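Please read the structure below before turning to the comments.
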2 protein chains.
Amino acid sequence: MIDETLYQSGTKPSTIFQLFEYGLKQAAVVGRENVYDYSLGNPSVPAPQQVTDAFQRLLGQEDPVSLHGYTPAAGALDVRQSIAADLSARSGMDIRPQNLFLTCGAAPALLYVLRALAVAQAEVIAITPYFPEYRVYAEACGMRFVPTQADLDQFQINLTSLEDCITPHTQAVIVNSPNNPSGAVYSRETLQRLAEVLARKSREIGRPIYIIADEPYRELVYDGADVPFIPGIYPDTVVCYSYSKSLSLPGERLGYFCVPDGAADSSRLYTAACAAARMMGHVCAPALQQRVISACTGIRPQLEVYDRNRRTLYDALTSYGYRCVYPSGAFYLFVEAPGGSARAFSDRAKEHNLLVVPGDDFGCPAFFRLSTCVDSDMVERSLPVFQRLAE
Amino acid sequence: MIDETLYQSGTKPSTIFQLFEYGLKQAAVVGRENVYDYSLGNPSVPAPQQVTDAFQRLLGQEDPVSLHGYTPAAGALDVRQSIAADLSARSGMDIRPQNLFLTCGAAPALLYVLRALAVAQAEVIAITPYFPEYRVYAEACGMRFVPTQADLDQFQINLTSLEDCITPHTQAVIVNSPNNPSGAVYSRETLQRLAEVLARKSREIGRPIYIIADEPYRELVYDGADVPFIPGIYPDTVVCYSYSKSLSLPGERLGYFCVPDGAADSSRLYTAACAAARMMGHVCAPALQQRVISACTGIRPQLEVYDRNRRTLYDALTSYGYRCVYPSGAFYLFVEAPGGSARAFSDRAKEHNLLVVPGDDFGCPAFFRLSTCVDSDMVERSLPVFQRLAE
């Protein structure tokens, strides 16, 4: 007998993946150069040469038994030392290896932290537009998922709406900045005001409301935008991170959660999240990738292509009459759909082999998402289609 | 507020890891050569040269964007094709890529399959001695974990005991052959009799009782022992596998579950297990490792060292009066503790810097486990200690 609810959830197709698959099929019919696929957030810039060099050097020089052997569940100590040193240097805080737990990407990191906070009746708030998996993960942990609308003018946090969502059962707020899909980077001022609200509400309900800072796009910012390290503003913050985007290694599954010493119940939260990891089949993050990351903590992403695509698309689309906030980070544009329904717009675009993701799953059915991690020539070729669709 | 049960489970130390840590500390005091550490099941033989070559070739020749990019959740299609072809050739069955789902090792594979079967009141049977994580995983999925004692003479399945454990809520039996910790390989005859029992009981309760075949040691057998492919004997079998042991890549986290077409509700079970994977943060198995495995499906493990240690230890220990079944597979010996309490024996051994794992967590407190994936010189040096402790 198969779990029916689980089975049903497994049959629901992913909109993004369906679009991507459709694009592959259409490419075979009309030619690859005539399909404009903006569906996937898959880095299009190769991993930095230093990453490949580190892989090669480790494979050439290290003893394979220890190179490919089990590491402790939290990750090899020397790897965590490198990451902690890098994080400390950048944040001005004292992050220790013992605060870090290496995971197979940011997704399980988020899940383990959520699971540690999943007491009876627990609620977790996310700011719309949000990464659709947040809902899946929160509900998988038995938590109530509470979306609250961002200010749609700039996609900054709407603190009044957020405060209205807080109840005595609120355990955490997921903060994703730079944001997928809006590209917004929450300003220091926004975060300070968020910290004030959460500190006050935590006192009111008599226990901490955590921020879970999901930061896979931390280094993907443009025009020198400032991405504040949230634990420095609000101590009760757990950071989840992935090297997928910053080092163009999305398939390699290397990330972490970090529970800084200053967070309330830091050690208990870390321990419970470790136990959650074990319960979900975590043994260790891929050992070779751990060592590569250790050698590459100082490397920053190559942003030129994403930046160029961002500018080209923003300038062109706004000139055609589309409305869109100019993104400061990540590699997406979140555009208001002409006519008000992103799904209808996406369907129309599909007829022209232009693949854009309707914002429904992000909680914003009036917007569509474009990934800027695409070929710049494709962007140029696609502009006439955007223009036609705007008319 | 932290989940208290989870926190408490996180504070329980692992016996094996404590022993291992103790060994490292003692090595610093008495010298590495005077510590006889049999605690960890960490392959001591390096990964085959072809594996390192495959890593190097892929890194040197492939486009890094596609090499390190996301793969489908189930794994890259060409990788699953290679694995399916290898499995089909070896089993004589028709395994398709669509039957396979690549995971970060066997642990999550097991969890996803268990979760798919975790309907209300579900029970899962394991045969004692069993890998301790089975209990953790079953209970994490909300299933009742039902251990049933193996025949302790040969560690084959005791079918009478097993049949007594079956209830209308029995969803699956975990079969781990070659077995950790006993080294037993279940014979074709044992498995055929198991199949008869399960087929009869499935008819009685009106729905299939699955076998979950956990097979990370499938290729680690000695003296030409036959490891039957269980789906060929009992169709309602799901296979979980890892390349950790066979290719000496335990830290690299590459495994799979395989739901053959012949299993009852095959497609529904596969779909539900995929959904479970997503709920537990699976995105894809490490992409580079997927490609390496694809190039190395035909490679068999190097068993000489494990075999030599197995023979040396078995011959010496039985000559000292220890009782032990001669293992046919895996890389362990499971030895009856003189005096009847493995924990007491392990404590006494520790005083001589001999580290053996008491069988309590495997459900057999009268036996201790020795890993044979150790240095053969260490084995020789440790024999006098075993002799002294037997007296």
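The table that follows gives values for the structure above.
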{"read-out": "Selected residue (criterion: farthest from the other protein chains (Cβ to nearest Cβ)) from residues of region A:272-294 that are among the β-branched types (Val, Ile, Thr) and buried (at least 24 other Cβ atoms within 10 Å of the Cβ)", "value": "A:ILE293"}
{"read-out": "Index of the failed condition, B:THR297 passing every other in (1) buried (at least 17 other Cβ atoms within 10 Å of the Cβ); (2) in a helix (DSSP H, G or I); (3) touching a residue at least 12 places away in the same chain (Cβ under 8 Å)", "value": "(2)"}
{"read-out": "Residue list for region B:21-36, restricted to those being away from chain A (no Cβ under 14 Å) and surrounded by 12 or more Cβ atoms within 10 Å (Cβ to Cβ)", "value": "B:TYR22, B:GLY23, B:GLN26, B:ALA27, B:ARG32, B:ASN34, B:VAL35, B:TYR36"}
{"read-out": "Verdict on B:ARG323 being of a type outside the set (Val, Ile, Thr), under 22 Å from the mean Cα position of the chain (by Cα) and more than 14 Å from chain A (Cβ to nearest Cβ)", "value": "no"}
{"read-out": "Residue in region A:185-201 that is open to solvent by less than 30 Å² (accessible area, probe 1.4 Å), more than 23 Å from A:TYR270 (Cβ to Cβ) and assigned to a loop (DSSP other than H, G, I, E, B) present", "value": "yes"}
{"read-out": "Restricting region A:142-154 to residues that are open to solvent by 20 Å² or more (accessible area, probe 1.4 Å), at pLDDT 95 or above and in contact with a strand residue (DSSP E or B) (Cβ under 9 Å, 6 or more places away or on another chain), the residue that is nearest to A:TYR186 (Cα to Cα)", "value": "A:GLN149"}
{"read-out": "Number of the condition not met by B:ILE299 [criteria: (1) within 19 Å of B:ARG218 (Cβ to Cβ); (2) within 13 Å of chain A (Cβ to nearest Cβ); (3) among the aliphatic types (A, V, I, L, M)]", "value": "(2)"}
{"read-out": "Selected residue (only one of A:GLN149, A:GLN98, A:GLN171, A:GLN154 is more than 21 Å from the chain's Cα centre (by Cα) and of a type outside the set (Ser, Thr, Tyr))", "value": "A:GLN98"}
{"read-out": "Restricting region A:75-91 to residues that are touching a helix residue (DSSP H, G or I) at 6+ places or on another chain (Cβ under 7 Å) and open to solvent by 10 Å² or more (accessible area, probe 1.4 Å), the residue that is farthest from the other protein chains (Cβ to nearest Cβ)", "value": "A:SER91"}
{"read-out": "Test result for A:PRO250, within 14 Å of chain B (Cβ to nearest Cβ), touching a strand residue (DSSP E or B) at 6+ places or on another chain (Cβ under 9 Å), open to solvent by less than 10 Å² (accessible area, probe 1.4 Å) and more than 22 Å from A:ALA118 (Cα to Cα)", "value": "yes"}
{"read-out": "Region B:329-348, residues that are touching a Phe, Trp or Tyr at 6+ places or on another chain (Cβ under 8 Å) and not in a loop (DSSP other than H, G, I, E, B)", "value": "B:GLY329, B:LEU333, B:PHE334, B:VAL335, B:GLU336, B:ALA342, B:PHE345, B:SER346"}
{"read-out": "Residue within region B:308-323 that is open to solvent by 10 Å² or more (accessible area, probe 1.4 Å), in contact (Cβ under 8 Å) with a residue 12 or more places away in the chain and touching a Ser or Thr at 6+ places or on another chain (Cβ under 8 Å) present", "value": "yes"}
{"read-out": "Check on A:SER39, away from every other protein chain (no Cβ under 14 Å) and in contact (Cβ under 8 Å) with a residue 24 or more places away in the chain", "value": "no"}
{"read-out": "Qualifying residue in region A:48-63 (condition: of a type in the set (Gly, Ala, Ser), in contact with a helix residue (DSSP H, G or I) (Cβ under 8 Å, 6 or more places away or on another chain) and under 20 Å from B:ALA287 (Cβ atoms))", "value": "yes"}
{"read-out": "Filter pass, B:ALA344 being farther than 18 Å from B:ASN180 by Cα and surrounded by 20 or more Cβ atoms within 10 Å (Cβ to Cβ)", "value": "no"}
{"read-out": "Positions within region A:356-374 being out of contact with any Lys or Arg (no Cβ under 9 Å at 6 or more places or on another chain) and either more than 14 Å from A:ALA337 (Cβ to Cβ) or open to solvent by 20 Å² or more (accessible area, probe 1.4 Å) (or both), in sequence order", "value": "A:ALA366, A:SER371, A:VAL374"}
{"read-out": "Unique match (being farther than 28 Å from A:ASN309 by Cβ, facing chain B (nearest Cβ under 7 Å) and in contact (Cβ under 8 Å) with a residue 12 or more places away in the chain) among A:ALA118, A:ALA107", "value": "A:ALA118"}
{"read-out": "Checking B:PHE334 against (1) under 20 Å from B:TYR222 (Cα atoms); (2) surrounded by fewer than 20 Cβ atoms within 10 Å (Cβ to Cβ); (3) modelled with pLDDT of 95 or more, the condition it does not meet", "value": "(2)"}
{"read-out": "Subset of region B:255-271 (residues that are within 14 Å of another protein chain (Cβ to nearest Cβ), open to solvent by 10 Å² or more (accessible area, probe 1.4 Å) and not in a helix (DSSP H, G or I))", "value": "B:ALA264, B:ASP265"}
{"read-out": "Qualifying residue in region A:95-104 (condition: in contact with a Cys (Cβ under 9 Å, 6 or more places away or on another chain), within 12 Å of another protein chain (Cβ to nearest Cβ), modelled with pLDDT of 95 or more and closer than 17 Å to A:THR237 by Cβ)", "value": "yes"}
{"read-out": "Matching residues, region A:113-141, being more than 20 Å from A:LEU159 (Cα to Cα) and open to solvent by 10 Å² or more (accessible area, probe 1.4 Å)", "value": "A:ARG115, A:ALA118, A:VAL119, A:ALA120, A:GLN121, A:PRO132, A:GLU133, A:ARG135, A:VAL136, A:GLU139, A:ALA140, A:CYS141"}
{"read-out": "Filter result for B:PHE229 (of a type in the set (Phe, Trp, Tyr) and under 28 Å from A:ARG115 (Cα atoms))", "value": "no"}
{"read-out": "Search result, residues across region B:155-184 that are over 22 Å from B:ASP223 (Cα atoms) and open to solvent by less than 10 Å² (accessible area, probe 1.4 Å)", "value": "B:LEU162, B:THR170, B:GLN171, B:ALA172, B:VAL173, B:ILE174"}
{"read-out": "Residue satisfying condition, being more than 9 Å from chain B (Cβ to nearest Cβ), surrounded by fewer than 20 Cβ atoms within 10 Å (Cβ to Cβ), among the polar types (S, T, N, Q) and without any contact (Cβ under 8 Å) to a residue 60 or more places away in the chain, within set A:GLN50, A:GLN18, A:GLN56", "value": "A:GLN18"}
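Okay, residues lined up against (1) more than 19 Å from A:TYR217 (Cα to Cα); (2) modelled with pLDDT of 95 or more; (3) small (Gly, Ala, Ser); (4) touching a helix residue (DSSP H, G or I) at 6+ places or on another chain (Cβ under 9 Å):
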position	(1), (2), (3), (4)
A:LYS350	yes, yes, no, yes
A:PHE362	no, yes, no, no
A:PRO365	yes, yes, no, yes
A:ARG369	no, yes, no, yes
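The values are calculated or read from the model by the stated rules, or taken from the named source; none is laboratory data. Since we're looking at a predicted model, the values are computed, not measured. Note that we place each Cβ from the backbone using ideal geometry, even for glycine, and neighbour counts take in every protein chain shown. When the accessible area is computed, the model is the full protein with side chains, heavy atoms only, and any ligands, DNA or RNA have been set aside. Shrake-Rupley method; radii C 1.70, N 1.55, O 1.52, S 1.80 Å.
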